[in-house]
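Novice: Below you will find the structure I want to go over with you.
Laboratory data are not the source of any read-out in this text; all were calculated from the coordinates shown. Computed from a predicted model, the values in this text were never measured in an experiment. Heads up, the Cβs are rebuilt from the backbone with ideal geometry, glycines too, and the neighbour counts pull from every protein chain shown.
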Amino acid sequence: MLRRTTLAAASLLAAGLLVLTACSGGSGDVAPTSPGEPDPDASVAIRLVLEPGNLDIRETAGSALDQILVDNIYQGLVARTPEQDIVPALASDWTVSPDGLTYTFTLREGVTFHDGQALTPQDVVWSLTTRRDTPEWRDSARLANVTSIAAEGQDVTLTLSAPDSTLLWNLTGRAGIVLKEGDTVDYKTAANGTGPFVLADWRQGDSITFSRNDAYWGDKAGAAEVVFDYIPDNQAALNAALAGEVDVLTGFDANLKDQVEANGDFSLVLGQSTDKGTLAFNQTSGPLADKRVRQAIRQAIDHDAIIEALASGQTQYGPIPELDPGYEDLSDVAPYDPEAAKALLADAGAEDLELTLTIPSFYSTTIPQILVSDLDEVGITLDVNSVDFTTWLTDVYTNHDYDLSFVLHTEAHDFENWANPDYYFTYDNPEVQELYARSLAATDEAEAADLLKQAARIVSEDSGADWLYNGASVVAVGTNITGMPSINVNERLNIAEIAKSNG
């Protein structure tokens, strides 16, 4: 994704089309390796789906920015692996006080920004303080519990007013990005970070190019250049791959496996992800305010058929995917049962319903077709309203003017949306909100996860939405490419270890 304060929709919606070590910023599980010797001067072309509107990581919503800029261009004190582990980045290590109120980070020495300026502890203090105190900066609220940020020598200390079990995680994202104090860079079109790549070129409407940062503080990137080619259509992306124009396809269609692997130059890789194909219900009024109607819709949908049609992913019956803390198999809550769905609709006096599904137009027709067919079987007529993304943002996300809406939320650890009644899901349950607040305040990871688990079951039992599937990261990787991540690539794509051989 979409979060409490950040609309990650830009990439998390398009994703339906669609390990950092102490020194390197590397990736987790990677695609099959190549037998050839990597070429240090190689250029690697990667197909992505949705291009960002601008590059301002401070204020501009959309995980299309996070996907390419975080880890590669910008960094924080800590980072996270695709498997969701928190690891060192600009801080070589950190400690947390037993009461969970004091976090002390040791900043690395010898780090420079892309313009050659040295990274200082004051830059960290300024960046985090400005983020916290500037509502216009995305994720500023994630630092709300931080009462003071101070530096002494190379140590940066954050003091909290109350424990926050999500703080370290939040610091791996936008909330923790470290910028240069007083920088005059035009963030909309340029960048000045500390990462293993520098922004070399942006051909708007076509591609974004990164070049290796030879002054990087850690292990140097494996490729001299990485070009992100924005190709929304899967068939066009396949054609580009077969023509040798791109080396990696992300956000790919697993149904095209045979075609992309036909000549032996590519291998299709399916990795885990936190992508959640979410069917949102507007519960503010009308028939969807009735839990029985929402439950009926859930039980009318054949989730296994969706997985079969997508040729990837797995079923998911609650708001937390398997990679995130608090996950539980909730398939018992709303099993596929059209007859039970009909009975629920009859009990609610809601036979012969007519509802509208509002969906961004860049999605394929696969999901809408299945929903129309399945709901028709239980007496619900579903009209599909395919709209451009700007319209979706205005009507659904901002104005909550919709019946049903489908998007793919890519962001990890985003349960907070279910504890926010103002979010476009329109879900409002004080017990869930209280459990989430207790999870935030927990100083023990296991306790925090258990509280999320309890809250997630309640959301599912309330039929707060339907989770059509937990998507896979579908990546077609050239057989001469090594180091390509295969987990959660729609959310964050760390390319530091990608290399290309001539063999």
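Novice: Checking a compactness column here: for the range 303-359, what do you get for Rg(Cα) / (2.2 N^0.38 Å), N being the number of residues?
Specialist: Cα-based Rg divided by the globular estimate yields 1.44.
Novice: Calculate one ³J(HN,Hα) per residue across the range 183-191 by plugging θ = phi - 60° into the Karplus curve 6.51 cos²θ - 1.76 cosθ + 1.60, and present them in order as whole Hz with x for glycine and proline.
Specialist: Taking θ as phi minus 60°, the curve returns 5, 10, 4, 7, 5, 6, 10, 9, 8 Hz for the range 183-191.
Novice: Sum up the charges of everything whose Cβ sits under 11 Å from the Cβ of E447, counting Lys and Arg as +1 and Asp and Glu as -1, but leave E447 out.
Specialist: Cβ neighbours under 11 Å give a net charge of -1.
Novice: Further question on the same structure: For the chain, what is the calculated [θ] at 222 nm in deg cm²/dmol (nearest 500), taking -39500 (n - 2.57) for each run of four or more DSSP H residues and dividing by its residue count?
Specialist: That calculation yields -6500 deg cm²/dmol at 222 nm.
Novice: Under 14 Å from the Cβ of V185, count the other residues' Cβ atoms, weight Lys and Arg +1, Asp and Glu -1, and hand me the total.
Specialist: -4
Novice: Note down the net charge around V333, summing +1 for each Lys or Arg and -1 for each Asp or Glu among other residues with Cβ under 11 Å from its Cβ.
Specialist: Net local charge, V333 excluded: -4.
Novice: Charges only on Cβ, +1 for Lys and Arg, -1 for Asp and Glu: so what's the dipole of the chain about the Cα centre, in debye to the nearest 20?
Specialist: 980
Novice: Another question, if that's okay. Please report, in debye to the nearest 20, how large the charge dipole of the range 276-470 is about its Cα centre when each Lys and Arg carries +1 at its beta carbon and each Asp and Glu carries -1 there.
Specialist: My answer is approximately 160 debye.
Novice: Return P(r) of the range 367-503 (all Cα-Cα pairs; 5 Å bins starting at 0; whole %; ordered from short to long distances).
Specialist: Computed distribution, short to long bins: 2, 8, 12, 14, 15, 16, 12, 10, 7, 3, 1, 0.
Novice: Then there's this: Quick one: which of K188/K220; K180/K276; K291/K453; K180/K453; K220/K276 span more than 32 angstrom between C-alpha atoms?
Specialist: Going by Cα-Cα distance, K180/K276; K180/K453; K220/K276 fall outside the 32 Å limit.
Novice: Okay, next question. Using 7 Å Cα-to-Cβ label points, what is the A236/E351 separation (nm, one decimal)?
Specialist: 4.8
Novice: Okay, moving on. Largest first and in whole Å, what are the equivalent-ellipsoid semi-axes of the range 194-261 based on the Cα gyration tensor, each being the root of 5 times an eigenvalue?
Specialist: 28, 14, 9
Novice: Have a look at P338, L357, I380 and report the one farthest towards the positive end of the charge dipole of the range 276-470, computed about the Cα centre with Cβ charges (Lys/Arg +1, Asp/Glu -1).
Specialist: Highest projection toward the positive end goes to L357.
Novice: If you average the sequence gap of Cα pairs under 8 Å that are 6 or more apart and divide by the length of the range 276-470, what percent do you get for the contact order?
Specialist: About 37 percent, as a whole number.
Novice: Could you tell me which of S207, A42, S148 has its Cα farthest along the dipole of the chain towards the positive end, charges placed at Cβ (Lys, Arg +1; Asp, Glu -1), taken about the Cα centre?
Specialist: S148
Novice: What Kirkwood hydrodynamic radius do you get for the range 100-185 when you take the inverse of the mean 1/r over all pairs of distinct Cα atoms, in Å?
Specialist: Kirkwood hydrodynamic radius for the range 100-185: 13.3 Å.
Novice: Name the long-range amide H neighbours of F266: under 5 Å, sequence gap of 5 or more, or other chain; modelled H, no Pro or chain starts.
Specialist: Counting only residues 5 or more places away or on other chains, the set is T479.
Novice: Over the range 196-318, what is the mean sequence separation of C-alpha contacts under 8 Å (at least six apart), divided by residue count, expressed as relative contact order in percent?
Specialist: Relative contact order comes out at 14 percent.
Novice: Could you derive backbone 3J(HN,Hα) for the range 354-363 from the dihedral phi with the Karplus parameters 6.51, -1.76 and 1.60 (θ = phi - 60°), listing whole Hz in sequence and x where the residue is Gly or Pro?
Specialist: Values, residue by residue: 10, 10, 10, 9, 9, 9, x, 6, 7, 7 Hz.
Novice: Give a residue-ordered list of calculated ³J(HN,Hα) values for the range 447-463 (Karplus: 6.51 cos²θ - 1.76 cosθ + 1.60, θ = phi - 60°; whole Hz; x for Gly, Pro).
Specialist: My calculation for the range 447-463 gives 5, 4, 5, 5, 5, 5, 4, 4, 5, 5, 4, 5, 4, 5, 5, 7, 6 Hz in order.
Novice: Could the peptides 184-190, 351-357, 480-486, 141-147 be put in order, highest first, of the mean number of other beta-carbon atoms found within 10 Å of their residues?
Specialist: Taking the mean over residues of other Cβ atoms within 10 Å, the ranking is 480-486, 141-147, 351-357, 184-190.
Novice: Largest first, please: the extent of the C-alpha atoms of the chain along each principal axis, to the nearest Å.
Specialist: 69, 59, 36
Novice: With unit charges on the beta carbons (Lys and Arg positive, Asp and Glu negative) and the dipole taken about the Cα centre of the chain, which residue among T60, T274, Q454 sits farthest to the positive side?
Specialist: Towards the positive end, the residue furthest out is T60.
Novice: Projected area of the range 343-430, taken from the Cα convex hull and averaged over every viewing direction, in nm²?
Specialist: Over all viewing directions, the range 343-430 projects a mean Cα-hull area of 7.0 nm².
Novice: Note down the Stokes-Einstein diffusion coefficient of the range 276-470 in µm²/s, whole number, using a Kirkwood radius over alpha carbon pairs, 4 °C, and 1.567 mPa s.
Specialist: D = 76 µm²/s.
Novice: Return the long-range amide H neighbours of Y469 (sequence gap of 5 or more, or a different chain), with a cut-off of under 5 Å between placed amide H atoms.
Specialist: Placed amide hydrogens put G277, Q316 under 5 Å from Y469.
Novice: Quick check on the range 134-258: take the gyration tensor over C-alpha atoms, sort the square-rooted eigenvalues as a ≥ b ≥ c, and tell me if it's rounded (a/c under 1.5), prolate or oblate.
Specialist: Verdict is prolate for the range 134-258.
Novice: Given H placed 1.01 Å from N in the peptide plane, which residues other than close sequence neighbours of I380 have an amide H under 5 Å from its amide H?
Specialist: Close amide H contacts, sequence-distant or interchain: none at all.
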